[in-house]
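Note sheet for the following structure.
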Amino acid sequence: MSHKYVYTFKEGNAKMRELLGGKGANLAEMTNIGLPVPQGFTITTEACTRYYDDGRKIADEIMDEIMKNVELMEQINGKKFGDLKNPLLVSVRSGARASMPGMMDTILNLGLNDEVVAAMIAGNSDPKFERFVYDSYRRFIQMFSDVVMEVGKKYFEALIDKMKAEKGVQYDVDLTAADLKTLAEQFKAEYKNQLGEDFPSDPKVQLYEAIRAVFRSWDNPRANVYRRDNDIPYSWGTAVNVMPMVFGNLNNNSGTGVAFTRDPATGEKKLMGEFLVNAQGEDVVAGVRTPMPISQMAEQFPEAYKEFVAVCDRLEAHYRDMQDMEFTVENGKLYMLQCRSGKRTAQAALKIACDLVDEGMRTPEEAVLMIEPRNLDTLLHPQFDAKALKAAKPIGKGLPASPGAACGQIVFSADDAEAWKKAGKKVVLVRLETSHEDITGMKAAQGILTVRGGMTSHAAVVARGMGTCCVSGCGEIVMDEANKKFTLAGKTFREGDVISIDGSTGNIYDGAIATVDAEIGGDFGRIMAWADQFRRLQVRTNADTPRDAKKARELGAEGIGLCRTEHMFFEPSRIAAFREMICADTVEEREAALAKIQPMQQADFEALYEALEGCPVTIRFLDPPLHEFVPTEEAEIEQLAKDQGKTVEQVKAIIQGLHESNPMMGHRGCRLTVTYPEIAVMQTKAVIRAAINVQKNHPDWNVLPEIMIPLVGEVKELAFVKKIVVATADEEIKASGVALKYEVGTMIEIPRAALTADEIAKEAEFFCFGTNDLTQMTFGFSRDDAGKFLPAYYDQKIFENDPFARLDTVGVGKLMEMAVKLGKTVRPDMHVGICGEHGGDPTSVEFCHKIGLTYVSCSPFRVPIARLAAAQAAIKAQG
């Protein structure tokens, strides 16, 4: 039997998500439980993979299978594709296994041509029906031209706007059948003008090209960006769903809507959504008209609304999660077109997960797995200061589409948002309505403000998914995008002016409003308590200041996994002494300069130990090359020369002598101590004396300094440095009379260290993976320069992710796993951690759990993300 590439909705189910995609699997599942779904079929994700393998062509046998299923769909629905008496019109929609709202393409009303349109009108004398047919036709021409043939929709929108202006109407629904017929002709003429060929009239050609377009959209720029941001592999591909059209734009007894079983912004248990009479689904999402709240549907469509509420209850109970649904009412009859677990804000996700546990629908383990760790980030960032907010007066109000606070300079395009962000500016993206092409600009913006659209518009859904503040549908704004300005409350705002928006209330303010740190609610505490109960990995923080350390402790950090001591040298009061050390000619001069720094370092370490209240603190000794500390400005060089009693030429010669062709692989890390042992002596004294003082002040604490030697690649290097550290530390401890324990370990950040970890473990009492350096040395490219060429690697599918943001588990991960195994053959009880940027990335945390690390360490605000990711890794590992 040949391979099966097409499944009817009756042949699938919810467990076939990998093959049928999320939308196809859920359409099949809704069919199986008896809900009103127009009966169609799904072309599998394997067909998409085959499409790309075959050079972006749909194989003949797959197309034959598709057409056989078209015939079956015709039999089930009693209509024929391209038939003049009873034509079957279809929608063609994407559907990846992971939800990617708005990232890929959809085509509606497929199957229309001049002959079918004329035949449909001839068979129904109702003038309203004629209007409906031409409305559907002009929509199809525009959508097919835009999505399938890549003719920009702006050309067609300009024709619509011109027609409305000529007729003196505001909305599309106010155009007559004759107007829409004229538009359809104008659209076909524009199509030919743009492409040099007639609009395709053969429904089978239309279908083939539409399916190709959906497969092609899997590789469009916005989908690629979304996948990279959401850990969705390119290899998954998308399915395609073909189903009979049901028409919300048939008449005023028809309509379309989008709804959620719980509020996606707050998590409140109530039906929330929007409905448009005499419209198709694209109208709700695109925000062409501002829709009515779903509750008002009960007044115009009481029977359909009653049935819909029952369907919502049934779907939530069936999937045991908040559902996001698309539906259409045609002549009073309800049809379900989609359901999926709804995108939600972090705040809503926490509440929904806790509520589902309280309602007996989920276990605490399942609740922990329901939360997307990265989304917690949005809970931990500033909100508007209540006092400043109370004093501010809103100048306008839209819909509170995605919570949070944002203020910045106004920009009017996605490209400008990106460019201004690169220039270091904070921006608010203001648009009539957003579309898929705006995704990168939306990412770059602090917040998004739209004139059109509701709570389920593209801007709202995408912003919620990204955790970006958004206010949508502010119809009071008079927009002039061409001239980069808008008017609101009698004032004209231009590009670069500052506004503030509140995504929790929908309020818009002139100027900047002060912000404060976000407050975390009780649901957060419950989820985190469950996470801490289930996880095995400890979570530490990367912190160089007491302020960072305290914040991390508040967010659940169990210690410091990385304190970068060099950051303490850059303060103006210290940099002079450090530069004095660099310019010194003798050991004695270097020691004298370091003696000035030692009490400052000691005070820093004491403050860190105090903040951590007896939790472990790992202190990395000096790592960067010395050239990073010398001045570059002429005036600073002259001052340094004066302070050191040297000529400017002598100081410039010293600076020039520090220059290296490849400083990241040069004279840095433990190599500095091999050359200048006095640096390690000073740092050891500061670490140990600080620990002794804090231990004396807090006898009930267990202060245990962990001294970490960076950039070790050879065990003899570590032995040399460790000998200096131990001799200095033991002398300090003996002189103090305090029983203090300490450990000396190393960072594993050179591939050779991983390969010889059993040898290094004879000296190192702990390992900590510095995956930033380990990644660049394993790949052989610079973290600072890779951004210049990595985009080309993404485009060519060589890389799917930035290896500095997401751990390369295949190469770098293999070195890590090897190092853990080798190290533990020598020291079975040694603790092993990770302190690169990967320590806060959920996918990387899961890998760290898998290979048996003791802890992960990350920046303070990512601590909750790591705690949750560690719990999810443990739960998944248990099956």
Practice prompt. Out of THR434, THR456, report the one residue that is among the polar types (S, T, N, Q) and modelled with pLDDT under 80.
Written response: THR456
Worksheet item: What are the residues in the stretch 739-794 that are aromatic (Phe, Trp, Tyr) and under 33 Å from the mean Cα position of the chain (by Cα), if any?
Response: PHE767, PHE769, PHE779, PHE781, PHE789, TYR793, TYR794
Response to the item:
The correct count of residues that are part of a loop (DSSP other than H, G, I, E, B) and open to solvent by 70 Å² or more (accessible area, probe 1.4 Å) in the stretch 801-823 is 1
Discussion item. Can you report the number of residues in the stretch 207-253 which are of a type in the set (Lys, Arg) and over 20 Å from the mean Cα position of the chain (by Cα)?
Written reply: 2
Worksheet item: From the set of residues in the stretch 170-210 that are touching a residue at least 60 places away in the same chain (Cβ under 8 Å), open to solvent by 40 Å² or more (accessible area, probe 1.4 Å) and charged (D, E, K, R), which is nearest to THR106 (Cα to Cα)?
Response: GLU209
Worksheet entry | Given (1) touching a residue at least 60 places away in the same chain (Cβ under 8 Å); (2) touching a helix residue (DSSP H, G or I) at 6+ places or on another chain (Cβ under 7 Å); (3) open to solvent by 40 Å² or more (accessible area, probe 1.4 Å), index of the condition GLU274 fails | (3)
Response to the item:
For the stretch 745-772, pairs from a residue that is open to solvent by 10 Å² or more (accessible area, probe 1.4 Å) to a residue that is among the small types (Gly, Ala, Ser) and part of a loop (DSSP other than H, G, I, E, B), with Cβ under 7 Å and 6 or more apart or across chains, are ILE750/GLY713; ARG752/GLY713; ASN772/GLY836
Discussion item. So in the stretch 571-592, with the set limited to residues that are free of Cβ contacts under 8 Å to residues at least 60 places away in the same chain and open to solvent by 40 Å² or more (accessible area, probe 1.4 Å), which one is nearest to ALA531 (Cα to Cα)?
Written reply: GLU571
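So, restricting to helices (runs of 4 or more DSSP H) that lie completely within the stretch 612-688, which ones have at least 1 residues that are farther than 21 Å from VAL712 by Cβ and basic (Lys, Arg)?
In the stretch 612-688, the matching helices (runs of 4 or more DSSP H) lie at 634-644, 648-657.
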Worksheet item: Which numbered condition trips up ALA304, out of (1) under 17 Å from GLN280 (Cβ atoms); (2) open to solvent by less than 50 Å² (accessible area, probe 1.4 Å); (3) touching a Pro at 6+ places or on another chain (Cβ under 8 Å)?
Response: (3)
Fill in: Residues (under 29 Å from ILE477 (Cα atoms), over 24 Å from the mean Cα position of the chain (by Cα) and not in a strand (DSSP E or B)) located in the stretch 494-543
GLU495, GLY496, ASP497, GLY511, ALA512, ILE513, ALA514
Item to complete: Return yes when ALA729 is over 30 Å from TYR234 (Cβ atoms), at pLDDT 95 or above, open to solvent by less than 50 Å² (accessible area, probe 1.4 Å) and not in a strand (DSSP E or B) and no when it is not.
Response: yes
Item to complete: From the list LYS741, LYS734, pick out the single residue that is part of a loop (DSSP other than H, G, I, E, B) and open to solvent by 30 Å² or more (accessible area, probe 1.4 Å).
Response: LYS741
Worksheet entry | Failed item, numbered, when ILE232 is tested on (1) within 26 Å of ASN13 (Cβ to Cβ); (2) crowded, with 20+ Cβ neighbours inside 10 Å; (3) at pLDDT below 90 | (2)
Worksheet, complete the sentence: Filtering the stretch 847-862 down to residues that are more than 13 Å from GLY559 (Cα to Cα) and either without any contact (Cβ under 8 Å) to a residue 60 or more places away in the chain or assigned to a loop (DSSP other than H, G, I, E, B) (or both) yields PHE847, LYS850, ILE851, GLY852, LEU853
Discussion item. Within the stretch 696-704, does at least one residue satisfy the condition of being buried (at least 22 other Cβ atoms within 10 Å of the Cβ), under 42 Å from the mean Cα position of the chain (by Cα) and within 24 Å of PHE578 (Cβ to Cβ)?
Written reply: no
Item to complete: Would you be able to say whether some residue in the stretch 410-431 is open to solvent by less than 10 Å² (accessible area, probe 1.4 Å) and polar (S, T, N, Q)?
Response: no
Fill in: Residue count, the stretch 781-800 (criterion: more than 22 Å from PHE847 (Cα to Cα) and in a loop (DSSP other than H, G, I, E, B))
7
Practice prompt. Please find, among ILE875, ILE865, the residue that is at pLDDT below 95 and part of a helix (DSSP H, G or I).
Written response: ILE865
Fill in: Search result, residues across the stretch 428-447 that are among the polar types (S, T, N, Q) and part of a helix (DSSP H, G or I)
THR440
Item to complete: Hey, can you tell me all the residues within the stretch 601-648 that are modelled with pLDDT of 90 or more, within 38 Å of the chain's Cα centre (by Cα) and surrounded by fewer than 16 Cβ atoms within 10 Å (Cβ to Cβ)?
Response: GLU613
Practice prompt. Considering only residues that are farther than 14 Å from THR182 by Cα, among the hydroxyl-bearing types (Ser, Thr, Tyr) and part of a helix (DSSP H, G or I), look in the stretch 111-155 and name the one that is most open to solvent (accessible area, probe 1.4 Å).
Written response: TYR155
Discussion item. Open to solvent by less than 50 Å² (accessible area, probe 1.4 Å), farther than 24 Å from VAL721 by Cα and in contact (Cβ under 8 Å) with a residue 40 or more places away in the chain: which single residue out of VAL681, VAL651 fits that description?
Written reply: VAL651
Worksheet item: Can you tell me how many residues in the stretch 517-570 are within 23 Å of VAL703 (Cβ to Cβ), of a type in the set (Val, Ile, Thr) and open to solvent by 30 Å² or more (accessible area, probe 1.4 Å)?
Response: 1
Discussion item. With the structure loaded, tell me whether LYS425 is modelled with pLDDT under 90, out of contact with any Asp or Glu (no Cβ under 9 Å at 6 or more places or on another chain) and more than 30 Å from MET322 (Cβ to Cβ) or whether it fails that test.
Written reply: no
Discussion item. Taking the criterion of being of a type in the set (Gly, Ala, Ser) and under 24 Å from GLU678 (Cα atoms), would at least one residue in the stretch 738-748 satisfy it?
Written reply: yes
Worksheet entry | Lone qualifier among THR854, THR778 - being β-branched (Val, Ile, Thr), open to solvent by 30 Å² or more (accessible area, probe 1.4 Å), modelled with pLDDT of 95 or more and within 27 Å of PRO663 (Cβ to Cβ) | THR778
Fill in: Sole exception among (1) out of contact with any Leu (no Cβ under 7 Å at 6 or more places or on another chain); (2) on the phi > 0 side of the Ramachandran plot; (3) surrounded by 21 or more Cβ atoms within 10 Å (Cβ to Cβ) for GLY473, by number
(1)
Worksheet item: Being in a helix (DSSP H, G or I), surrounded by fewer than 15 Cβ atoms within 10 Å (Cβ to Cβ) and of a type in the set (Gly, Ala, Ser), is that true of even one residue in the stretch 327-345?
Response: no
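The values are calculated or read from the model by the stated rules, or taken from the named source; none is laboratory data. Predicted model, so just to flag it, every value in this text is computed and none were measured. For neighbour counting, all protein chains shown are included, and Cβ atoms are generated from backbone atoms with ideal geometry for every residue, glycine included. Heads up: the accessible areas ignore ligands, DNA and RNA and are worked out on the full protein's heavy atoms, side chains in. Shrake-Rupley method; radii C 1.70, N 1.55, O 1.52, S 1.80 Å.
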